[in-house]
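Written below as structure tokens is the structure these notes are about.
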Amino acid sequence: MIHCLRWTVFLWIVNSIPFTSGMTVNERIDHTCPPMKLEEKWHTNVNIHREFTGFDLAEKFLLRKGTVTDNGLLLRLGSKPLFKPTESVFPNGLSHEYSIIATLRLRKTTKKDRWFILQIFDKGGDTQVSLIVDGAKKTVEFLAQGFLKNSLLYVFKNRDLHALFDRQFHKLGVSVESNAVSIYLDCKLIERQVTAERSGMNVSGRTFITTRVEDGRPVDIELQEILIFCDARIADLDRCCDSPGVMCEPVVTHNPTAAPLVTGYLHRMLSMPAQLPTDRCHCPALKVKLNHESIF
């Protein structure tokens with residue numbers, strides 16, 4: 001009950017901050033995503049040489065650079081809630097199909113926590129998009145908003161996801177297509193679920209990252225990157241070439257055509273049948289004003 005009151009009061013304060021006016025992405029004239037300034041490793045990772053578009057959330061949330069380890073640079077999450085007006089994070093909205101990539105390591109004290117990698121509220125406090133890691137259940141959950149403002153919840157509980165909680169660095173990838181969501185761990189396809197149609201995103205709300213469900217504070221993890229690409233294929237094409245012990249072939253420059261990429265993408269995706277999940281939930285809209293259990 002105490003946790004419920006803390007989170008309810010916290011989100012009430014957040015949502016009482018004045019909003020800038022916004023509209024759904026479908027109503028905007030400019031639907032394009034901005035170019036991303038990424039390290040050269042990403043062109044090797046996906047074996048293509050082209051401009052990436054999307055959002056570096058570490059940059060958007062002004063995360064400071066921290067310790068440099070053998071595994072790479074770590075980002076400082078601090079102790080204050082990490083949230084911003086959605087319009088400042090996604091000025092023209094979020095493309096309907098996209099990939100979320102996060103490289104992280106859970107700590108001993110937080111490996112059983114339930115927390116959001118990403119959480120996007122609309123102005124009314126309804127969840128539009130969220131990606132949840134549940135350490136106690138060793139699952140990953142994706143939640144989106146349907147056309148009727150209902151919540152579409154998809155729970156991924158494949159045993160291969162258990163490695164995410166072994167306190168080692170892992171790359172978690174999520175491919176969000178118009179009719180399916182796929183989960184990847186260290187560039188391996190773990191599970192794919194068919195989804196119902198999702199509504200367009202309203203940018204007049206708030207966006208949170210790396211937030212504990214319990215109290216809205218940043219989760220205690222070691223984070224290297226958190227990216228959103230405006231292309232659902234990136235999570236599938238990523239080869240994890242920057243991971244220790246992984247050797248990748250040099251980049252081969254192709255003519256500017258998407259045909260080879262689409263062919264390879266479909267081949268890999270179709271090789272694993274999409275599941276019709278028993279954990280899929282067509283639920284009423286989740287509001288921050290409700291009690292803790294009904295929110296999450």
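The values are calculated or read from the model by the stated rules, or taken from the named source; none is laboratory data. What you see is a predicted model; the values in this text were computed from it and never measured. In this analysis, Cβ positions are derived from the backbone assuming ideal geometry, glycine residues included, and neighbour counts consider all displayed protein chains. Only protein heavy atoms, including side chains, enter the accessible area calculation; ligands, DNA and RNA are left aside. Shrake-Rupley method; radii C 1.70, N 1.55, O 1.52, S 1.80 Å.
Annotations
- For Val219, distant residues with modelled amide H under 5 Å away: Thr211, Arg212
- Label-to-label distance, nm, for residues given as Arg239 and Gln168 (7 Å Cα→Cβ offset): 2.1 nm
- Inter-probe distance in nm under a simple model that places probes 7 Å from Cα toward Cβ, at Lys108 and Ser79: 2.2 nm
- Relative to the current alpha-carbon distance between Glu197 and Leu38, full extension at 0.36 nm per residue lengthens the span by 54.1 nm.
- Amide H partners (placed H, <5 Å) of Thr53, local residues excluded: Met36, Cys230
- Segment Thr67..Asn158, full-extension length gain: 29.5 nm, with 0.36 nm per residue of separation and the alpha-carbon distance subtracted.
- Here the range 40-237 is described by how far its Cα atoms reach on the three principal axes: 46, 39, 33 Å, from widest to narrowest.
- With all protein chains modelled, accessible area of Asp220 [1.4 Å, Å²]: 70 Å²
- Among the trypsin sites (Lys or Arg not before Pro) within the range 163-202, those in coil by DSSP and having at most 15 neighbouring Cβ atoms inside 10 Å are Arg167.
- Candidate cross-link partners of Lys65 among the lysines, defined by an alpha-carbon separation under 30 Å and a same-chain spacing of 8 or more, comprise Lys37, Lys41, Lys80, Lys84, Lys108, Lys111, Lys112, Lys138, Lys171, Lys188.
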